[in-house]
Amino acid sequence: MGRRLSWRVLRQRPLWGCPAGLALALVALVAWLLWQALPEAVDPTWERVLASGVLPVCTDPSWPPFESIDEGTGQIQGFDVDLARLLAGRLAPGVQARIVTVGFDGLYDALLAGRCDAVLSALPYEPLRTQDVAFSLAYFNAGLVMVTAQGASDVTTVADLAGRVVAVEWGFVPEGDSQQRALLQGLGLRRYDTAPAALGALQAGEVEVALVDRIAALAYMRNCQGLS
């Protein structure tokens, strides 16, 4: 479509009557011929996926109901797993997703190291990462919440976190406005492997507040008392 449109513009303009117009037309014609002669770009990753029929997808299986490991079968399951399989099949007939489990803080490294060709997990958007990876549009926003011990009414805003021991998951990226990000980045955060582990540390009294996504908080608090 782009080549045809460019050619029509050249034909409709009265360029042939002047040397400059002739030169421009010749340059455009040479460029068009070169474009036609050059081979189409080949994506080696996509060619490998087509040849193998497998799309490796990295995910952190600690975010039910999006991804978790079934205790009975040991198989990974959840919304993101189903979505990965659906997307793989739609990319090309016969292509299947192979789920690669990776800790949250290692997802980007696994992608860049070639352990997988895509990451489907609870990744926040990081502008600096766009130099190396491409993000899809967000399909779900779990939201970040503060969880405290029941009865701890002195922590109600982000500003109340100053001077407190705060649990987060590895790979935690502060969100919100610039003032909130500056405050969160200045905290002495205590990091845990998973959101449930951070909440467990709060319940055990190791920390005063846990910053986790809302889904993880609700799932944990459904089975545990003493948090709010």
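The values are calculated or read from the model by the stated rules, or taken from the named source; none is laboratory data. The model shown is predicted, which means the values in this text are computed figures rather than measured ones. Methodologically, a virtual Cβ is constructed for each residue, glycine included, from the backbone with ideal geometry; neighbour enumeration extends over all protein chains shown. These accessible areas exclude ligands, DNA and RNA; they are computed on the full protein's heavy atoms, side chains included. Shrake-Rupley method; radii C 1.70, N 1.55, O 1.52, S 1.80 Å.
For the reader, a short list of remarks on this structure follows.
- TRP170 versus ALA201: modelled label distance in nm, points set 7 Å from Cα along the beta carbon direction: 1.2
- Among the protein heavy atoms, those of ARG191 account for about 90 Å² of accessible surface (1.4 Å probe, every chain in place).
- Once the chain from THR101 to PHE79 is taken as fully extended at 0.36 nm per residue, the excess over their C-alpha distance is 6.4 nm.
- For the pair GLU71 and VAL54 in one chain, pulling the backbone fully straight at 0.36 nm per residue adds 3.5 nm over the alpha carbon distance.
- Annotation: extensible slack from ALA113 through ARG222 equals 35.5 nm (criterion: 0.36 nm per residue apart, minus Cα-Cα distance).
- Counting only Cα atoms, segment 70-148 measures 43, 37, 23 Å along its principal axes, largest extent leading.
- Working from label points 7 Å from Cα in the Cα-to-Cβ sense, the ARG90 to VAL133 distance is 2.0 nm.
- Label sites at ARG190 and ASP43, each approximated as a point 7 angstrom past Cα along Cα to Cβ, lie 4.5 nm apart.
- Kirkwood hydrodynamic radius (C-alpha pairs) into Stokes-Einstein, segment 69-216, 20 °C and 1.002 mPa s, D in µm²/s: 123
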